[in-house]
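A.B. asks: Before we start, here is the structure in question, set down as structure tokens.
The values are calculated or read from the model by the stated rules, or taken from the named source; none is laboratory data. Bear in mind the structure is a predicted one, so any value in this text is a computation, not a measurement. Because the Cβ atoms are built from the backbone with ideal geometry, glycine has one as well, and the counts that use them run over all protein chains shown.
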Amino acid sequence: MSTAAATQAVIDLRSDTVTRPTPAMRRAMAEAEVGDDVYAEDPTVNRLQARAAEIFGREASLYFPSGSMANLTAIKTWTRPGMEVICEAQAHIYLYEMAGVAAIAGCMPNTVPAPSGTLTWDLIEPLIRPHIYYRSQTALIELENTHNMHGGTVYPPAISDDICERAHAAGLPVHLDGARIFNASVALGRSVADITRKFDSVMFCLSKGLGAPVGSMLVGSRDFIDKARVTRKLLGGGMRQAGVLAAAGLIALEETPKILHRDHENARHLAEGLSKIPGVSIDPKRVVTNILIFDVASSGRTAADVCAALAKHGVLGGATGKSTIRMVTHYDVNRAAIDRALAAIATVLGASS
Ligand code: TLP
């Protein structure tokens, strides 16, 4: 699925959100059958929702304009104001969703750092509030798979299953931010239904590595999705002829998971090349999906400075800290472009190759 963008001068590794719709997606969008989705009458949205539910082995699913809105909807549906949400200290819902957990759901995030972003029950249990009327109460546990800010790490299914089982025994639901759950599925060689079956709700994005221009899905029981539909409307997420967007989402859902492994191979190739460049620290063995985060501290340069210099060479990455840079592979960047990016990074950091 290489597109014209692959041959463009700029190699955009800032995120997999930058992918452009394929010609097949654009055709499907132009030809989509549509209706008013606030009346649940858009046949293409309904098909997408039915197919997503089927793929995840769940009763129902709901289409959203963004992953942030789908996460917030899930959080608001599972909680009441004044309650707490347990999540990892670098969770996307905590760092990059405009504090919506607090500002809109009225809840307090209760965070704990976890190695590789992988929470375990031992880390979670001490954060659960006792049932005392003058204490705020824990409402929800949230996990992220793959974990973005830990470099696309993948939860071992035994660990996420264990968290869900113990949370349920404690009377707590578990929501999964599975923005890149298909990447986790490909890395593990197990279906998305299998690795998410114990979660109470799952959000996944069509608009990242799967390549759709817009959209994310929330998956769960019929009862939960009926409630989430009300919350989505409250947040202004009721769309009308959204079938023009859902049509691209259907293609992303059916076709792109088959080729995600290429993005993982390219990420590993990029990481291996980076590990040989003086001034860069990265362990390529830790790169298991399409996200890599490397450190340029030993080059004596800041991440912002290195990114600005790389941009002049037509290579875009994102600074995630003073000395850390994130790069994300996707279908609009092929192997030749990765090699060009490596050459530019070596030049910028003053290495010879
Ligand atoms: N992530 C974006 C940025 O916001 C950082 C990216 O470029 O990776 N969960 C996770 C794990 C995400 O990575 C993202 C987007 C979201 C949720 C939110 O999705 P959108 O952007 O559709 O609101």
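A.B. asks: Count, please, the residues in the range 78-101 that happen to be in a helix (DSSP H, G or I) and buried (at least 24 other Cβ atoms within 10 Å of the Cβ).
C.D. replies: Let us first name the residues in the range 78-101 that are in a helix (DSSP H, G or I), namely 78, 92-95, 100-101.
Then keep just the ones that are buried (at least 24 other Cβ atoms within 10 Å of the Cβ); that gives 78, 93, 101.
Going through the range 78-101 one residue at a time, the tally reaches 3.
A.B. asks: Output the number of the condition that Ile75 fails; it satisfies all remaining conditions of (1) within 16 Å of the ligand (Cβ to nearest atom); (2) outside the structural domain of Glu144 (by TED's automatic domain parsing).
C.D. replies: (2)
A.B. asks: To continue, here is another question. Let me confirm something: among Gly117, Gly152, Gly178, Gly106, which residue is exposed (fewer than 15 other Cβ atoms within 10 Å of the Cβ) and either in contact (Cβ under 8 Å) with a residue 12 or more places away in the chain or assigned by TED's automatic domain parsing to the domain that holds Ile293 (or both)? Spell out how you get there, then give the answer.
C.D. replies: Numbers: Gly117 fails: exposed (fewer than 15 other Cβ atoms within 10 Å of the Cβ); Gly152 fails: exposed (fewer than 15 other Cβ atoms within 10 Å of the Cβ); Gly178 fails: exposed (fewer than 15 other Cβ atoms within 10 Å of the Cβ).
Going through Gly117, Gly152, Gly178, Gly106 in turn, just one is exposed (fewer than 15 other Cβ atoms within 10 Å of the Cβ) and either in contact (Cβ under 8 Å) with a residue 12 or more places away in the chain or assigned by TED's automatic domain parsing to the domain that holds Ile293 (or both): Gly106.
A.B. asks: Right, next: Among (1) surrounded by 16 or more Cβ atoms within 10 Å (Cβ to Cβ); (2) farther than 19 Å from Phe224 by Cα; (3) among the hydroxyl-bearing types (Ser, Thr, Tyr), there is one condition Thr73 misses while meeting the rest; what is its number?
C.D. replies: Status for Thr73: all satisfied but (2).
A.B. asks: Hey, among Asp194, Asp122, Asp177, which residue is more than 16 Å from the ligand (Cβ to nearest atom) and within 19 Å of Ala53 (Cα to Cα)?
C.D. replies: Details: Asp122 fails: within 19 Å of Ala53 (Cα to Cα); Asp177 fails: more than 16 Å from the ligand (Cβ to nearest atom).
So the residue among Asp194, Asp122, Asp177 that is more than 16 Å from the ligand (Cβ to nearest atom) and within 19 Å of Ala53 (Cα to Cα) is Asp194.
A.B. asks: Here's another thing I want to ask about it. Scan Asp194, Asp223 and give me the residue that is surrounded by fewer than 20 Cβ atoms within 10 Å (Cβ to Cβ), over 14 Å from Phe56 (Cα atoms) and either of a type in the set (Gly, Ala, Ser) or not assigned by TED's automatic domain parsing to the domain that holds Thr329 (or both).
C.D. replies: Values: Asp194 fails: over 14 Å from Phe56 (Cα atoms).
On inspection, the qualifying residue turns out to be Asp223.
A.B. asks: With respect to Ala105, determine if the residue is part of a helix (DSSP H, G or I) and either over 23 Å from the mean Cα position of the chain (by Cα) or of a type in the set (Gly, Ala, Ser) (or both). Spell out the reasoning first.
C.D. replies: Working: part of a helix (DSSP H, G or I): no; either over 23 Å from the mean Cα position of the chain (by Cα) or of a type in the set (Gly, Ala, Ser) (or both): yes.
So Ala105 fails the test.
A.B. asks: Of all residues in the range 140-195, how many are outside any helix (DSSP H, G or I), of a type outside the set (Phe, Trp, Tyr) and at negative phi?
C.D. replies: Our first condition is that a residue be outside any helix (DSSP H, G or I); within the range 140-195, this holds for 140-156, 170-180, 189-191.
Keeping just the survivors that are of a type outside the set (Phe, Trp, Tyr) gives 140-154, 156, 170-180, 189-191.
From what is left, the residues that are at negative phi are 140-150, 153-154, 156, 170, 172-180, 190-191.
Final tally of qualifying residues: 26.
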